[in-house]
Amino acid sequence: MRNFINSFMSNDSAFGRTMTKIGIIICANLMFVLFSMPVVTIGASYVALYHVMLKTLRGNTGLNPFKEFWIGFKSNFKQATIAWVIFALLFAFGYYNAGICRQATGFINYLQYGIYALGIVAVIIMIYLFPTMAAFANTIPNLIRNGLYFAFHKPWWLVVNLFFHVFPLYLTYSDPQMMPLYAFCWFFFGFGAITMLTSRLLIKDFSKYLPLVDDDGDFILTEDGEKIMPGSPEEKAYFAGEGMNTGGRSMTEDEILEEMKKLDM
């Protein structure tokens, strides 16, 4: 019985891994709330939150969420802040003009629907830009383009992703009596849970363009210290070498013959 309990509660068990991820979500969420208080830093905090979740899903479940959040925040601060300020100004401008159009009559009144359509496009770009920024280093225009590729590469996941982001906010503001409960959820795990779900939707597509990592989330390197990319000759050499217990390097002809002798081939 004691062995069963110990194995069940260990960090390597399914229960232990789940509880570890929940702890990471809560800690990273608290960091997000704290770092978003100046408002202008919301973009950088959002990218840092994705940085933690993506790194967790890529195998590093033993990471320090506070340290990783700071790394993600610091390394993406400039780009994320610029993008967030631009989005905030666009949404404010669109909200103001949509209000004017609603009060007008005739053709101008119909312009509000065009503003709403542009607002939806802006929301899609923002939802995909920040995780893309957390995963890849590039210019903002290229990150937007890559984010749109990931958004429409699998359009059915786009609908699910929009639901994750929009429905909780709608639920929060549509029921004032439950606002304290919703505020509690957002403060402790709401933002982290949404970014974790979004990261799960994106991680498979992202991994095709990211360096390989081992089970601990560390980069797999060549003998020259270079990162190994998916589909590269180095990847084939690494896995061929790993299968023959060569520590991830390519085998020489003599080593192959020696292994064949051991296997009586």
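The values are calculated or read from the model by the stated rules, or taken from the named source; none is laboratory data. All of these numbers come straight from a predicted model, not from anything done at the bench. FYI the Cβ positions are ideal-geometry reconstructions off the backbone, even for glycines, and counts take in every protein chain you see. Ligands, DNA and RNA are excluded from the accessible area calculation, which covers all protein heavy atoms including side chains. Shrake-Rupley method; radii C 1.70, N 1.55, O 1.52, S 1.80 Å.
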Query raised in the report: Name the chymotrypsin sites (Phe, Trp or Tyr not before Pro) in the stretch 103-169 that are in a loop by DSSP and that have at most 14 other C-beta atoms within 10 Å, would you?
Result: 136
Report task. Please compute the net charge surrounding residue 29, taking Lys and Arg as +1 and Asp and Glu as -1 over other residues with Cβ under 15 Å from its Cβ. Result -> 0
Report task. With a 1.4 Å probe and all protein chains in place, put 47, 160 in order of accessible area, largest first. Result -> 160, 47
Report summary line: Log10 I(q)/I(0) at q = 0.13, 0.17, 0.22 Å⁻¹ for the stretch 90-187, from Debye over equal alpha-carbon scatterers, is -0.66, -0.96, -1.09
Report summary line: Sorted by chain and number, the residues with a modelled amide H under 5 Å from that of residue 213, at a separation of 5 or more or across chains, are 220
Report summary line: Going residue by residue through the stretch 63-77, the Karplus relation 6.51 cos²θ - 1.76 cosθ + 1.60 with θ = phi - 60° gives ³J(HN,Hα) values, rounded to whole Hz and with x marking Gly or Pro, of 6, 8, x, 5, 5, 5, 4, 5, 4, x, 5, 5, 6, 10, 4
**Report entry** Filtered trypsin sites (Lys or Arg not before Pro), the stretch 138-214: DSSP coil and at most 16 other beta carbons within 10 Å
**Finding:** 208
**Report entry** Distance between modelled label sites at residue 104 and residue 221, nm, 7 Å Cα→Cβ extension
**Finding:** 6.1
